[in-house]
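The values are calculated or read from the model by the stated rules, or taken from the named source; none is laboratory data. The structure presented is a predicted model; accordingly, all values stated were derived computationally and were not measured. For neighbour counting, all protein chains shown are included, and Cβ atoms are generated from backbone atoms with ideal geometry for every residue, glycine included.
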Amino acid sequence: MAIVAIALLIFGYNFLKGKNLLEDSRTFYAVYDQVEGLSQSSAVTINGLQIGSVTNIDIRKDAKLVVSMNIKNKFPFSKSSVAEIYGGNLIGGKSVAIVPDFDNKTLAKPGDTLHGKIEAGLLELVNDRLTPLQKKIEDGVSSVDTLLNSINYIMDNNTNKSLKNSILKFNKTINTLSSTSSDINNLIKDNSDEFTNTMGNLSNMSEKFNTISDSLSKIEFNKVVNELEVTLAQVKSITKKIDDGDGSLGQLINDKDMYTNLENATKEMEELLRDMKMNPKRYVHFSVFGKKNREYKGADENEE
């Protein structure tokens, strides 16, 4: 009876720890910096299915925590699989999830140590979200406090009086604008016929502009441009011929001797006209008995 009682005690103790002596099981280990409230008898799962439990948690000399896991399920997983601590609520209750690595074909054997990882729990997520928000709120409160202090410093008695005066002047300006608007409305009302006629004239002008625009749109601008190009080409050709000395005009412009001859001829013509004015009888005369013409000596000699 004593032996049976001791056996039942050992069996019950191991059963409460999550280890059933009557079933075949495999033991694996995982190392963590902290276990986030994980305890013995916590469930070990794969994809949410419980396949074992935590049997022991030991602390090493380097302060690392070694978690022993008793897995009853025969489901094979690779040696590079991850033992991730997850879950938990406001009162604790962590579990271990085996995350298989299907890319690695080397299977884990009993006694192997898996890579340990900790999933962020609800409280950690809340803290991660609230910490930046808390800082922003603190900065905002500080900014508002600084703003209020600045407003209190600015809003002294003189500033209050100035603001009141400004508001009174603004009210006067609004009243003036209202009166001006009323006057404008009356002016428009009294001269509505003139405004109507003006708008009619503008409408007629617009129609005329449309007519002119239609007329302009009918002009063959391409043809006009082509004719202008032909004309410009002809003018350019004539100019080139003049520059090259072709033709009478080109020779007249480019030949210096001709210019000198024309200038001399012009001078002689002036002298001839001057002599004709001073001695008309020399060129036109009537004689009943006849008279011998005098020899022409030139304008300068006659002047003497």
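Quick notes on this one:
- Filter pass, residue 179 being small (Gly, Ala, Ser), surrounded by 10 or more Cβ atoms within 10 Å (Cβ to Cβ) and at pLDDT below 80: no
- Extreme residue, modelled with the highest pLDDT, among residues of segment 69-83 that are crowded, with 18+ Cβ neighbours inside 10 Å and either of a type outside the set (A, V, I, L, M) or not assigned by TED's automatic domain parsing to the domain that holds residue 41 (or both): 81
- If only residues of segment 40-59 that are in a strand (DSSP E or B) and small (Gly, Ala, Ser) are counted, the one that is nearest to residue 87 (Cα to Cα) is 43.
- The single condition among (1) at pLDDT 85 or above; (2) surrounded by 10 or more Cβ atoms within 10 Å (Cβ to Cβ) that residue 127 does not meet is (1).
- Test result for residue 214, surrounded by fewer than 10 Cβ atoms within 10 Å (Cβ to Cβ), under 45 Å from the mean Cα position of the chain (by Cα) and assigned to a helix (DSSP H, G or I): yes
- Counted residues, segment 96-115 - those being under 16 Å from residue 43 (Cβ atoms) and either in a helix (DSSP H, G or I) or modelled with pLDDT under 90 (or both): 0
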